[in-house]
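S.K.: Handing you a structure now.
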């Protein structure tokens, strides 16, 4: 395995952004190394325990991690600032990334994203192509309406019993994700709590065919559960703020000239391989690696991710 031993950041801090947001960042590896940015999943997962650092050679990379707006160690959390949730958009996150790049004095960087982080990485590269040297994307998503409707409704064909319970409270004619987004902003805390629990149960259900799945709730901490569900439904109800002609797939041809590696599990039922396949076909110069035995981010996927990151350092 190319995964390195755990390392700690050598520096960290916060940057102040509009809407009273205070964003946490950390740097690890070599201060003089090749700049790289890691974008976590969710939206709303946060950097967690820092296992992402093990994918980078600490002697060759200056690695930057960011807790995206509304989650992790950034403040305020989405559930504590519902009145301003509408200002938390993909464009806002891209502006946050650019503010951090400027703050750290970095000119260009490799961007690595996992799951939702791959969507954000793609959107950032499309907005600022001259700031991205390469993209390494794992468990690839693009935030399209097709992706979102599959994970919230289509995959119910595989789990009809669970989906019947999950969708039971959704009014006729309304997308289930829009219903939950509204419930998670309800004035009644009990309504929000019930919606967060139902969303967590559904997420835990549709990842249960993943070979790396472990039984149990997706988020044991109730505040983390509510915050994650609130951010995910907010973004998904708005097509990740990348609708129609602004979608990643509609603009993927614009990524020509940016080297990219896509790593995806064949058994990722939550995010079928058709998504990275379409992206690869539309993105000149990209490489696609499908791991037959894995789901949404397994050991071999991380091995291939590390290999791609190492190979870019050698160029």
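The values are calculated or read from the model by the stated rules, or taken from the named source; none is laboratory data. Please read all numbers here as calculations on a predicted model, not as lab measurements. Glycine also receives a Cβ, built like all others from the backbone with ideal geometry; neighbour counts cover every protein chain displayed.
S.K.: Of the residues 129, 211, only one is closer than 27 Å to residue 56 by Cβ, surrounded by fewer than 22 Cβ atoms within 10 Å (Cβ to Cβ) and assigned by TED's automatic domain parsing to the domain that holds residue 258; which?
M.R.: 129
S.K.: Still on this structure, please answer the following. Among the residues of the range 195-232 satisfying the criterion of being in a loop (DSSP other than H, G, I, E, B), in contact with a helix residue (DSSP H, G or I) (Cβ under 7 Å, 6 or more places away or on another chain) and under 15 Å from residue 42 (Cα atoms), which is modelled with the lowest pLDDT?
M.R.: So the residue we want is 218.
S.K.: Right, another one. Can you give me the number of residues within the range 156-178 that are assigned to a helix (DSSP H, G or I) and either out of contact with any helix residue (DSSP H, G or I) (no Cβ under 9 Å at 6 or more places or on another chain) or free of Cβ contacts under 8 Å to residues at least 12 places away in the same chain (or both)?
M.R.: Here the count works out to 5.
S.K.: State whether the residues of the range 16-24 include one that is in contact with a strand residue (DSSP E or B) (Cβ under 8 Å, 6 or more places away or on another chain), crowded, with 16+ Cβ neighbours inside 10 Å and under 18 Å from residue 6 (Cα atoms).
M.R.: no
S.K.: A further question on this structure: Considering each residue of the range 130-143, count those that are closer than 19 Å to residue 250 by Cα and over 13 Å from the mean Cα position of the chain (by Cα), and give that number. Give the derivation first.
M.R.: Just the residues of the range 130-143 that are closer than 19 Å to residue 250 by Cα, to begin with: 135, 137, 140-143.
Within this subset, residues satisfying the condition of being over 13 Å from the mean Cα position of the chain (by Cα) are 135.
So the answer is 1.
S.K.: Here's a follow-up. Quick one: how many residues across the range 179-194 are part of a helix (DSSP H, G or I) and within 17 Å of residue 151 (Cβ to Cβ)? Talk me through it step by step, then tell me what you get.
M.R.: Narrowing the range 179-194 to residues part of a helix (DSSP H, G or I): 179-183, 189-194.
After this cut, where a residue has to be within 17 Å of residue 151 (Cβ to Cβ) as well, the list is 179-181.
Adding up the residues that qualify gives 3.
S.K.: A further question follows. Tell me which residues, restricted to the range 3-15, are in a loop (DSSP other than H, G, I, E, B), buried (at least 16 other Cβ atoms within 10 Å of the Cβ) and touching a residue at least 60 places away in the same chain (Cβ under 8 Å). Step through it out loud before you land on a result.
M.R.: Initial filter on the range 3-15 (in a loop (DSSP other than H, G, I, E, B)): 3-10.
Subsequent filtering for residues that are buried (at least 16 other Cβ atoms within 10 Å of the Cβ) retains 9.
Those that are in a loop (DSSP other than H, G, I, E, B), buried (at least 16 other Cβ atoms within 10 Å of the Cβ) and touching a residue at least 60 places away in the same chain (Cβ under 8 Å): none in the range 3-15.
S.K.: Also, I was wondering about something else. Restricted to the range 33-48, and to residues that are free of Cβ contacts under 8 Å to residues at least 40 places away in the same chain and touching a strand residue (DSSP E or B) at 6+ places or on another chain (Cβ under 7 Å), which residue is surrounded by the fewest Cβ atoms within 10 Å (Cβ to Cβ)?
M.R.: Checking each candidate, the answer is 33.
S.K.: Among the residues of the range 138-145, is any surrounded by fewer than 24 Cβ atoms within 10 Å (Cβ to Cβ) and in a helix (DSSP H, G or I)?
M.R.: Yes, the range 138-145 contains a residue that is surrounded by fewer than 24 Cβ atoms within 10 Å (Cβ to Cβ) and in a helix (DSSP H, G or I).
S.K.: What single numbered condition from (1) touching a residue at least 60 places away in the same chain (Cβ under 8 Å); (2) touching a helix residue (DSSP H, G or I) at 6+ places or on another chain (Cβ under 9 Å); (3) in the same structural domain as residue 16 (by TED's automatic domain parsing) fails to hold for residue 86?
M.R.: Result: residue 86 passes all but (1).
S.K.: Please go through the range 18-33 and give me each residue that is assigned to a loop (DSSP other than H, G, I, E, B) and out of contact with any helix residue (DSSP H, G or I) (no Cβ under 6 Å at 6 or more places or on another chain), ordered by number.
M.R.: Filtering the range 18-33 down to residues assigned to a loop (DSSP other than H, G, I, E, B) leaves 18-20, 30-33.
The answer is 18, 20, 30, 31, 32, 33.
S.K.: Taking the stated definitions as given, is residue 134 in a helix (DSSP H, G or I), in contact with a helix residue (DSSP H, G or I) (Cβ under 9 Å, 6 or more places away or on another chain) and more than 22 Å from residue 71 (Cβ to Cβ)? If you could, list the steps in order and put the result at the bottom.
M.R.: Values: in a helix (DSSP H, G or I): no; in contact with a helix residue (DSSP H, G or I) (Cβ under 9 Å, 6 or more places away or on another chain): yes; more than 22 Å from residue 71 (Cβ to Cβ): yes.
Spelling it out, it is not the case that residue 134 is in a helix (DSSP H, G or I), in contact with a helix residue (DSSP H, G or I) (Cβ under 9 Å, 6 or more places away or on another chain) and more than 22 Å from residue 71 (Cβ to Cβ).
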